[in-house]
Amino acid sequence: MRRDWFEANRNLWNDRVPIHVGSDFYGVDGFKAGGEILHAYELEEVGPLEGKGLVHLQCHFGMDTLACARRGARVTGLDLSEAGIAAAQKLAAEMEIPARFVVANVYEAVEALGETYDVVYTGRGALNWLPDVSRWAKVVHALLRPGGFLYLNEFHPVTDMMADDSFEIEYDYFGRPEGYFFDDGLTYTEAGGERTEHKDSYEWIHPTSAVITALLDVGLRIELFREHEFSVFGRFPFLELETDGSRRIYRMPEGKPRLPFMYSIRARK
Ligand SMILES: C[S@@+](CC[C@H](N)C(=O)[O-])C[C@H]1O[C@@H](n2cnc3c(N)ncnc32)[C@H](O)[C@@H]1O
């Protein structure tokens, strides 16, 4: 694995933040106006958040973190990107929502945060940025109080294998320790593709079995594992969009074969 993966990804994510904050995809104005961005299925799977101490790992610029706060959680968000955390702090101040935001590598979260939580919340394009899920699971375990749980809602690695615009298999399902290197600088929020100044990035594919095994190995009890036939992201150009206020769901057209586009896990300490 190249040693500079972390620096490369941090530069990329710092560049992505201003593009994403202003994008229709994230819809910050609708969110500020009170639009719910957590999907009904997530709210059902994660359960009530009222009064819970929650950490959102890889929180980007904090929208999902603040959405959890609006549901009554005491929230902390952590991300490697200084620009992301600065934007999250600004958003929290503008919305007058109490929240703590910390810049750190996930792998150093225990030291950086110095506290434990009822809920570790993460996903939607988080694990693919991490080279080692076993090490990640140890961090999750250490961040949880006894009785607390991880809620992971992630894009399914089956779709990570495929080309951008077809089901053609381009990448190995079982992943590669060195990850995959990309240098197009394209981000996902703008039709046609906005490009970042820093273009290099490293990503990894983690089979669902690797994620589940990593969580079992640290002693977490898996209470929920679901595969979803929809995505919250327009992963393929032929998916059909349904909107529900500020929420978007993409599905295969009627009559076409369905794939697991996302999965969810709830695992308790
Ligand atoms: C696609 S976002 C996922 C966040 C959220 N679901 C969203 O869409 O806003 C991925 C985030 O992971 C962060 N990230 C990537 N590698 C990380 C690492 N090693 N430690 C902490 N954050 C990391 C990036 O800065 C980025 O904000």
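The values are calculated or read from the model by the stated rules, or taken from the named source; none is laboratory data. Because the structure is a prediction, the values reported are computed rather than measured. Cβ placement follows ideal geometry from the backbone for every residue including glycine, while neighbour counts extend to all protein chains displayed. Just the protein is used for accessible areas: all its heavy atoms, side chains included, with ligands, DNA and RNA removed. Shrake-Rupley method; radii C 1.70, N 1.55, O 1.52, S 1.80 Å.
Ordering of 68-78, 157-167, 82-92 by packing is 68-78, 82-92, 157-167, highest average first (other Cβ atoms within 10 Å, averaged per residue). Note on the chain: Lys pairs 8 or more places apart or on different chains, Cα atoms under 24 Å apart, count 6. The portion of the accessible surface of the chain made up by carbon and sulfur, rounded to a whole percent, is 49 (1.4 Å probe; DNA, RNA and ligands excluded). Here the dipole of the chain is about 980 debye; that uses its Cα centre as origin and unit charges on the Cβ of Lys and Arg (positive) and Asp and Glu (negative). With the charge dipole of region 151-269 set up from +1 on Lys and Arg Cβ and -1 on Asp and Glu Cβ about the Cα centre, the Cα lying farthest toward the positive end among the listed residues F261, L239, Y180 is that of F261. When both region 104-143 and region 144-212 are represented by their alpha-carbon centers, they are found 17 Å apart. Cα gyration tensor of the chain, axes a ≥ b ≥ c as square roots of the eigenvalues: rounded (a/c below 1.5), prolate (a/b > b/c) or oblate? Rounded shape, in that the Cα axes give a/c under 1.5.
Any idea what the relative contact order of region 1-128 is, in percent, if you count C-alpha pairs under 8 Å spaced at least 6 apart?
Details: 176 pairs, mean separation 31.4, N = 128.
The value is 25 percent.
Under the convention that each Lys and Arg Cβ holds +1 and each Asp and Glu Cβ holds -1, the size of the dipole of region 152-269 around its Cα centre is about 780 debye.
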